[in-house]
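Here's the structure, in structure tokens; my notes come after.
No lab work stands behind these numbers, since they all come straight from the coordinates. Everything quoted here is computed from the prediction, not taken from an experiment. Backbone-built Cβ (ideal geometry, glycine too); neighbour counts: all protein chains shown.
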Amino acid sequence: MDCYIHRVMHTGLNNLFCGLVLFTSVSAYAADYERPREPIYDPSGRALESFHASLRRTARGVASTRVMQFGASHTEADQFTGYLREVFQAQFGDAGHGYIMPALPWRGYSHMDVRVNSSKGWITGKAYSKTGQTDGLYGLGGFSCSTKSSLDWAWVATSQRSNFGRAVSRIEVSWLAQPEGGAFDLLVDRKLTATIRTNHSVVQPDYKQILVPDGPHEVEIRPKGDGEVRLLGMILERNAAGVVVDSLGIRGARASVMLKWDADVWMSQLRRRQPHLVILAYGTNESGDTHQSIGRYERTLSKVIARVKGATPQASCVLVGPTDRPLRLDRKWTRRHRVTEVIGAQRRVASRFGCGFWDARDSMGGEMSILRWREADPPMAAKDMVHLTTGGYYALADDLYNALLYGWRYQRP
């Protein structure tokens, strides 16, 4: 049974397609994915070993599998990653939403299958911020949200409409401990659960974990106004076997931005998260950076992968290449050769570090394929010829899902 058409046709996944019919028994796992249009490039044959081993434990109901995807706007929108999260959770179980920033870092920030809202006084810090901190002391996603006002608030709640994200049993809030840091109240289901004091002589990430009965919950953060409260993020998980997919994207980002994040602060959070698969989905923005030689780009990307592998040597690693991005010349669309160069560099770096590489452009159909995606009915690419529509992101994630599972087999104990 082919669910691909159903997946693409839905504008939202709250109806949830035939996946709920397909993904019903462990015995069917080996047949519940299709041959990918574009497989993972993996010369070593071992790039996904750790990830697949974790999925086998999850299939037996003994552990969860954590996937983390870093990237730019394709990731930040949480449609590409959101759909990936849903198909994995339909197959292996819903272990929770994963990472979310409880204060809105920028206009339009949202994640699938979770509700988030906040006051407007929070200041976002990121490596190229115009108003916030640029010191690199950020959360997992490479940014933070801070305020000194008691009038500000941040709120996160489980989903009410989707088939996913409706329950949580473990909530973890992270913040930056720092000299003269302020305090904040942490409320769960509108009841005061803890008062957190972020003042500390050492600058470092700190955490508070709260266990709640598995089910729907809401979490609220209310600063006291006695100093800066700098949030690094929140984790929503369940004490149940399943898959978690952390969506960690920043609009306009390039892989090199990860080198501007404080290594100690960021890597300590990554180690604490203990992912089984780390996906780096950059390259679309770099395909326009003609001022930078491809050799320099490759060297910078190597440093990024070295940092990731240094923090999580046990995790599998996959680089996702740029989507198709043609060039507009004389009112006509033509091939952008820089995309091919970026893909080549990513493929070489992935091979060098024992990571897999997945060619998103080839999955779309190769060079100039985005024109066909834009002309499809309904359109699968946006008018800017860079981003995709909801259906486009679902189609792309569908193929990545199949590529990540291709070759995986459930093994009974």
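The alpha-carbon positions of region 301-413 define a convex hull whose volume is 134 Å³ per residue. Using the Cβ-Cβ distance between N239 and S73 with R0 = 41 Å, the FRET efficiency computed as 1/(1 + (r/R0)^6) comes to roughly 0.80.
Considering every alpha-carbon pair of the chain, the percent of pairs per 10 Å bin, from zero through the bin containing the longest distance, is 5, 23, 33, 26, 12, 2, 0.
In this structure, the amide hydrogen of G181, modeled 1.01 Å from its nitrogen in the peptide plane, lies closer than 5 angstrom to those of N199, H200, counting only residues at least 5 positions away or on a different chain.
Name the shape class, rounded, prolate or oblate, that the alpha-carbon gyration tensor gives for region 94-156, where a ≥ b ≥ c are the square roots of its eigenvalues, rounded holds for a/c under 1.5, and otherwise prolate holds if a/b is larger than b/c and oblate otherwise. All intermediate terms of the calculation are to be shown ahead of the outcome.
Details: a/c = 2.12, a/b = 1.33, b/c = 1.59.
Because a/c hits 1.5 or more and a/b fails to exceed b/c, region 94-156 counts as oblate.
Averaging the Cα positions of each part gives two centres, and for region 191-243 and region 79-106 these lie 18 Å apart.
Just to confirm a number: summing +1 for Lys and Arg and -1 for Asp and Glu over residues other than V265 whose beta-carbon lies under 14 angstrom from that of V265, what do you get?
Numbers: positive: K126, R230, K260, R271, R272, R273, R307; negative: D135, D206, D262, D264.
Around V265, the surrounding residues sum to +3.
A simple charge model with +1 on the Cβ of Lys and Arg, -1 on the Cβ of Asp and Glu and nothing else charged puts the dipole of the chain at about 580 debye relative to its Cα centre.
Net charge around R46, counting only other residues with Cβ within less than 15 Å of its Cβ (Lys, Arg = +1; Asp, Glu = -1)?
Working: positive: K309, R352; negative: D42, E49.
Charge balance in the 15 Å sphere: 0.
Can you compute log10 of I(q)/I(0) for region 182-335 with the Debye formula, treating each Cα as one identical point scatterer, at q = 0.11 Å⁻¹? Here log10 of I(q) over I(0) equals -0.65.
Under a Cβ-Cβ cut-off of 12 Å, what is the net charge of the residues other than D113 that fall near it, where Lys and Arg count +1 and Asp and Glu count -1? Net charge in that neighbourhood comes out at +1.
So what's the back-of-envelope 222 nm ellipticity for the chain, counting only DSSP H runs of four-plus at -39500 (n - 2.57) apiece and dividing by all residues, rounded to 500? Write out the running numbers ahead of the final one.
Working: 11 runs with 111 residues, N = 413.
One gets -8000 deg cm²/dmol as the mean residue ellipticity at 222 nm.
Centroid-to-centroid, using Cα positions, region 130-156 and region 327-385 are 34 Å apart.
Fewest Cβ neighbours within 10 Å first, please rank E341, E286, E180 accordingly. All intermediate terms of the calculation are to be shown ahead of the outcome.
Values: E341 18, E286 23, E180 10.
Fewest-to-most ranking of E341, E286, E180: E180, E341, E286.
When the Cα atoms of region 45-196 are aligned to their principal axes, the ranges along those axes come out at 48, 37, 29 Å in descending order. Projected label points at R296 and A53, each 7 Å from Cα along the beta carbon direction, are separated by 4.0 nanometres. Ranked for footprinting exposure by Cβ neighbours inside 10 Å, fewest first, V188, V67, V62 give V62, V188, V67. For the chain, set up a Gaussian network in which alpha carbons nearer than 10 Å are linked by springs, and say which option among L211, L277, L104 fluctuates the most. Among L211, L277, L104, the largest GNM mean-square fluctuation belongs to L211. Spin-label pair D214-K260: with each label point 7 Å from Cα along the Cα-Cβ axis, the two points sit 4.2 nm from one another.
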